[in-house]
1. With runs of 4+ DSSP H residues as the only contributors, calculate the mean residue ellipticity of the chain at 222 nm using -39,500 (n - 2.57) per run, divided by the residue total and rounded to the nearest 500.
2. Order these peptides, 324-337, 294-307, by their mean beta-carbon neighbour count within 10 angstrom, highest first.
3. Does anyone have the angle between helix 131-149 and the longest principal axis of the chain? Alpha-carbon axes, 0 to 90°, nearest 10?
4. Bin width 10 Å, alpha-carbon pairs only: give the P(r) of segment 214-370 as whole percents, running from 0 to the bin holding the largest distance.
5. Helix 329-351 versus the longest principal axis of the chain: what angle, 0 to 90°, nearest 10, using Cα atoms?
6. Roughly how tilted is helix 38-48, in degrees to the nearest 10 and between 0 and 90, from the longest Cα axis of the chain?
7. When all alpha-carbon pairs of segment 216-262 are counted, what percent fall beyond 18 Å?
8. Sorting check: for 139-145, 276-282, which peptide has the highest mean count of neighbouring beta carbons within 10 Å, and how do the rest follow?
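No lab work stands behind these numbers, since they all come straight from the coordinates. If you're wondering where the values come from, they're calculated on a predicted model, not measured in any experiment. Methodologically, a virtual Cβ is constructed for each residue, glycine included, from the backbone with ideal geometry; neighbour enumeration extends over all protein chains shown.
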């Protein structure tokens, strides 16, 4: 099965299945000499892991990451870094009733058609559980980007189903189970999720991610555009059905004078471009928004077919997130970090000595809070 590697210079190859003995990844291309331990990755894994509140799947996984290679005497060596996360709380019997049928909205049908075989236990390779190793790899990227360039990456929940969540402050993100940058709406969101869970339904979500401190010049025209790489990576996250950079689809109803980000010696006056022009970073905040579809695994009856092509009714029992977007914030942060470190290394390889002789425009207006 190809398609398990992300990146060009900083590459991450993901392996494992949702109900296999372990999941993990191999990072290749990490610069040598950076201090690195499991403690650098565990906080982001703890943010993503299941069972952290009543609003997410109650599968109990510690998601403790193990470094198997690529680190010696506490420092990266430049060799491949192998990371392992053991699965500890699989309940494969919960999926016995779907072994012969296809869940609507899930990858069951397409996997079987493509490979002629599928692991129905928890979705196998199509499970969002496979984002855990990528979050660990993203933590490595975050650390290097912060130490080398001062880049900081923060995400937050901007909408939960029909509930739009006004931005208040990033200080609130770590103080609630939704990663919402809003303190006043938490009780309302809790009540919404309680009703949703009891009904057996699921909902989608919108996540905003912001990278600040990105220098001007990362990315390249045509096929290596920074925004294209970000969109490609974000669409690789389970359940993501839409990606916006900067103003995104709001650009459709803007006028030219409104959308174009004017420049002054003091900085940009707006950031509708989301920090990218012509595929190259402007030095402003990189702003990304992703749309996450409702969870496909729900206990309500739906029509489908079985392997024989016969019409059947299916419902999915077991432990599932009523909204997978609740745990997606650290995932989106990780994927953005992986794209940025790759483009930082690509820029350093070809353009580190370039001196344009043009003053750098300060970042000016920063993060989008749409």
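1. So the calculated ellipticity at 222 nm is -7500 deg cm²/dmol.
2. 324-337, 294-307
3. Helix 131-149 sits roughly 10 degrees off the main axis of the chain.
4. Pairs per bin, as whole percents: 10, 30, 28, 15, 10, 5, 1.
5. Approximately 40 degrees, to the nearest ten.
6. Approximately 60 degrees, to the nearest 10.
7. 47 percent
8. Ranked from most to least packed, the peptides come out as 139-145, 276-282.
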